[in-house]
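Below: one structure, written as structure tokens.
Bear in mind that the values in this text are calculations on the coordinates, not laboratory data. Please read these numbers as outputs of a predicted model, since none were measured by experiment. Positions of Cβ are generated from backbone atoms using ideal geometry, with glycine treated the same way; all protein chains shown enter the neighbour counts.
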Amino acid sequence: MTGLLTRLGRRAFGSREVALRPARPADAEALARLHGQSFRIGWDAAEFERLLANRLSRALVGTDGPCGAPVGFILLSGVSPEIEILSVAVEPGRRGEGIARRLVEAAFGTLAAEGFQIVFLEVEEGNAPALRLYARTGFREIGRRAGYYRGAAGEPVAALTMRRDIA
Ligand SMILES: CC(C)(COP(=O)(O)OP(=O)(O)OC[C@H]1O[C@@H](n2cnc3c(N)ncnc32)[C@H](O)[C@@H]1OP(=O)(O)O)[C@@H](O)C(=O)NCCC(=O)NCCS
């Protein structure tokens, strides 16, 4: 409930302006920090450097103001016409402001212009914020992979496979 009120409050009363732009190699450190704050298994800066340099990768960041630090990112990889969302994350203190939704929708615009037609992703069953985000951005569930992830206590957690077609 508190989370919902915080989200509504941020939307109603506004928050710092977030600008979107393509990720740059120099963002690797910041993206590793955001990833580490968001997932049990973090990817380090060297991993992000490698991913950002890969020609199959597409990445956008949301920054705190036009020149500020990254507060969220989306990273995708694929070969036209199919692409996969590898990761989406928003700084814990900035969640619920609509940043992830803007990142996903902005990525769709870029992908459509590049000829991509289908976007896939995998998400942990039970990740309510992510499932809500993906439902709101037009994804539908197309499969379930039992025991694909490990939970905090090492327990098996299913992955839901989702798909969205770009019109
Ligand atoms: C998932 C995540 C990226 C969402 O980022 P965000 O910027 O807070 O999301 P948005 O503010 O754009 O919200 C998108 C939708 O999810 C809902 N949502 C956000 N946080 C929520 C929460 N804690 N519980 C339920 N719904 C939530 C929003 O209300 C919104 O739906 P609405 O438009 O119907 O109101 C963020 O929670 C995060 O970084 N989580 C950790 C990493 C992760 O799980 N990534 C996704 C798996 S790859």
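Between Glu125 and Ser80, the contour length at 0.36 nm per residue exceeds the Cα-Cα span by 13.5 nm.
Counting only Cβ charges, +1 for Lys and Arg and -1 for Asp and Glu, the dipole size of the range 16-165 around its Cα centre is about 240 debye. The ranking of Thr110, Thr161 by Cβ neighbour count inside 10 Å, starting from the fewest, reads Thr110, Thr161. Distance between the 7 Å Cα→Cβ label points at Glu114 and Thr161: 2.2 nm.
Given the Cα-Cα distance of Ala135 and Glu47 and 0.36 nm per residue of separation, how much length would full extension add, in nm?
Numbers: separation 88, 0.36 × 88 = 31.68 nm, distance 2.89 nm.
Once the chain is fully extended between Ala135 and Glu47, it gains 28.8 nm.
Between the listed residues Val157, Val79, Leu56, the Cα displaced farthest toward the positive end of the dipole of the chain, a dipole computed from Cβ unit charges relative to the Cα centre, is found at Val157. Its relative contact order, with pairs defined as Cα atoms under 8 Å and 6+ residues apart, puts the chain at 17 percent.
Dividing the convex hull volume of the Cα atoms of the range 16-165 by its residue count, what figure in Å³ per residue is obtained?
On the way: hull volume 16.2 nm³, N = 150.
It comes to 108 Å³ per residue, whole-number rounded.
If you wrap the tightest convex hull around every Cα atom of the range 122-167 and split its volume per residue, you get 56 Å³. When you count the other C-beta atoms within 10 angstrom of each residue and take the mean per peptide, 86-92, 54-60 line up highest first as 86-92, 54-60.
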